[in-house]
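All remarks here apply to the structure that follows.
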Amino acid sequence: MGVHVSLVHVTQVGTSPKGRRLRRMDTVGRSGDTFADLCARSGFPMLRRVDPYNSQILTSQDMPQFISELEATLRDEEDVRVVALLNEILTLAERCVSQPGLEIHLDGD
């Protein structure tokens, strides 16, 4: 059981979902179980919604809340491996908010 975090560039041709093209730009390595466990025990609403069995897509509109919840979690974390993981995810989130057409994909196993 885990959650994999990816930064994805989306292009949409027309209005049909069939015209949606995804290109993976970057991923967070080894996030799986650690991020899923962190989200499960989180007291923050967006992180609590992360499901280790399904996928969730976050757009640039979701990033302010996602970033603030990650930063709050980071402030309380002491494990250096978890801190590194959270910093990697924050980097992707900051890229997502700064460039049009990007999304964060949280893919459960």
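Quick notes on this one:
- Extending 7 Å from Cα along the Cβ direction at Arg20 and again at Gln61 yields two label points whose distance is 1.4 nm.
- Amide hydrogen proximity for His4: with H placed 1.01 Å from N in the peptide plane, the residues at 5 or more positions away or on another chain lying under 5 Å are Asp107, Gly108.
- Spatial offset of segment 65-96 relative to segment 10-52 amounts to 14 Å, using the alpha carbon center of each.
- Close amide H partners of Thr27, meaning residues 5 or more places away or on another chain with modelled amide H under 5 Å apart, are Leu7.
- Across segment 62-71, computed HN-Hα scalar couplings (Karplus, 6.51 cos²θ - 1.76 cosθ + 1.60, θ = phi - 60°) run 7, 4, x, 5, 4, 5, 5, 5, 5, 5 Hz from first to last residue, x flagging Gly and Pro.
- For volume of the Cα convex hull per residue in Å³, the candidate list reads (i) 119; (ii) 147; (iii) 98; the entry that matches the value derived from this model is (iii).
- When the chain is treated as a GNM with alpha-carbon contacts under 10 Å, the residue of Gly43, Gly29, Gly19 showing the greatest mean-square fluctuation is Gly19.
- Compared with the direct C-alpha span, the chain from Val82 to Asn54 gains 7.9 nm at full extension, assuming 0.36 nm per residue.
- Accessible-area composition of segment 1-89, carbon plus sulfur, in percent [1.4 Å probe]: 50 percent
- Residue-by-residue Karplus 3J(HN,Hα) for segment 94-109, coefficients 6.51, -1.76, 1.60, Hz, glycine and proline x: 5, 5, 4, 6, 8, 10, x, x, 9, 9, 9, 10, 10, 10, x, 5
- GNM remark for the chain: springs join alpha carbons under 10 Å apart, and the peak mean-square fluctuation among Glu78, Glu69, Glu88 falls on Glu78.
- A simple spin-label model places pseudo-atoms 7 Å from Cα toward Cβ; at Ala72 and Asp37 they are separated by 2.3 nm.
- Residue-normalised accessible area of the chain, given per residue in Å² at a 1.4 Å probe: 57 Å²
The values are calculated or read from the model by the stated rules, or taken from the named source; none is laboratory data. Computed from a prediction, not measured in an experiment: that's the story for all the values here. A quick note on method: Cβ atoms are made from the backbone with ideal geometry, for glycine too, and the neighbour counts reach across all protein chains shown. In case anyone asks, the SASA skips ligands and DNA or RNA and just uses the protein heavy atoms, side chains included. Shrake-Rupley method; radii C 1.70, N 1.55, O 1.52, S 1.80 Å.
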